[in-house]
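The values are calculated or read from the model by the stated rules, or taken from the named source; none is laboratory data. Treat the numbers as computed from the prediction; the structure is a model and nothing was measured. Don't worry about glycine lacking a Cβ; one is built from the backbone with ideal geometry, like all the others, and counts go over all protein chains shown. Areas reflect the complete protein model, heavy atoms only, side chains present, ligands, DNA and RNA absent. Shrake-Rupley method; radii C 1.70, N 1.55, O 1.52, S 1.80 Å.
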Amino acid sequence: MNLSSNGVPIPFTPELFAPLRPSADLLSPRDPAALRRRLHGDGYLYLPGLLDRADVLRLRGHYFSLFPPGLLVEGGEPEDGVFSGRVPEGVPEYGVAGHPAYAFVRSAAFDDFVGDPVLAALASQLLDAEARMLPRRILRHFHRGTRRASRAHVDFDYMDQGSPRVVTFWIPVGDCPPRTGALVYLEGSHRLPPEEYEPLRDITDRPGDRRQICHDLELTAKALGRRWLWADFAAGDVMVHLPRIIHASLDTTTDAMRLSVDARFVRAGDTPDPRWLRPWSADDGA
Ligand SMILES: O=C(O)CCC(=O)C(=O)O
């Protein structure tokens, strides 16, 4: 498997990669205390099939149907989201006002999807208190040819003006194997003191942004002596992670486009980072 992130190749070897541990067995029967223990032990919960696959694919189709003709391969169904190889002319920059993603995260269809009571109930169990979803919910859409992905980072560095008691739900909106641009997690990295990865921030393809850790995933794994945990995500799967686990995404190299949502919950009684109280747009600076 040829993998890269932000154009930097990373060999798919047992030295650098290992599978994520699935935790769906803790859902039925539901064992909230065991789920919390697993989340804090591993830094993440991988929950295959938590959502209804058909609902997820419907949302995928809804998003891709908002584009002018030309984005999808000729005769392709929006639910499949197969890229034609070109973005139609006139589509504004990704995620800003006028781009379909901007209206989409403000739409009733999106609200209904992320408002699924299954997600809120799980968030409350994991936070051990009534949970509140933060309004800044991010839609990420990548297609082949861009060599763009999320650099290694921890969520807390983007939301450090509020309660650190946050859980992130990452939801692939469509099947998302590694080559479609899946998320990968650095094993056990939620336990690392930030000073340990601080030096990696100097090795960056984006000088001036100290929030990301590194764009080179092989270097990050070797420097920190840990493997990247991966899965062959399918529509319906959900990842939950803690705000201090290092994660990143791989480049999309398949014809199928990568679409995902990330939504974050805090305890209803906690004070969240104020930058997360408005709907997302790609140019909001948060
Ligand atoms: O989807 C991605 O590429 C990044 C998502 C992410 O960092 C998150 O959900 O916290």
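Here are the numbers:
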| quantity | calculated |
| --- | --- |
| Rg/Rh (Cα only; Kirkwood hydrodynamic radius) as it applies to the chain | 0.94 |
| Contact order relative to length of region 2-268, as percent, for alpha carbon pairs under 8 angstrom and 6 or more apart | 34 percent |
| Residue-by-residue Karplus 3J(HN,Hα) for region 147-163, coefficients 6.51, -1.76, 1.60, Hz, glycine and proline x | 6, 10, 7, 7, 6, 4, 7, 10, 4, 4, 5, 9, 8, 8, 9, x, 4 |
| Solvent-accessible area, 1.4 Å probe, carbon plus sulfur percent, for the chain | 51 percent |
| For the chain, calculated [θ]222 nm from helices alone, where every DSSP H run of n ≥ 4 adds -39500 (n - 2.57) | -5500 deg cm²/dmol |
| Rough spin-label spacing in nm, given labels placed 7 Å along Cα→Cβ, for Val96 and Asp157 | 2.5 nm |
| FRET efficiency estimate (nearest 0.05) - Cβ-Cβ, Leu219 to Glu130, R0 51 angstrom | 0.80 |
| Residue-span extension gain [Asp116 to Ser28] - 0.36 nm each, minus C-alpha spacing | 29.9 nm |
| Amide hydrogen neighbours beyond the local backbone of Cys214, cut-off 5 Å, H modeled | Ala152 |
| Cα→Cβ-extended label distance, 7 Å offset, between Asp209 and Ala103, nm | 2.7 nm |
| Length gained when the stretch Arg21-Asn2 is fully extended (0.36 nm per residue, less Cα-Cα span) | 4.6 nm |
| Net charge, Leu134 excluded, C-beta distance under 9 Å - Lys, Arg +1, Asp, Glu -1 | +3 |
| Using a Förster distance of 41 Å, the FRET efficiency for Asp270-Phe12 (Cβ separation, nearest 0.05) | 0.55 |
| Region 185-286 - accessible surface per residue (Å², probe 1.4 Å) | 38 Å² |
| Amide hydrogen neighbours beyond the local backbone of Gly174, cut-off 5 Å, H modeled | Ala235, Gly236 |
| Amide H contacts under 5 Å for Asp273, placed H, 5+ residues apart | Gly162, Ser163 |
| Förster radius 30 Å - calculated FRET efficiency between Glu198 and Arg37 (Cβ-Cβ, nearest 0.05) | 0.55 |
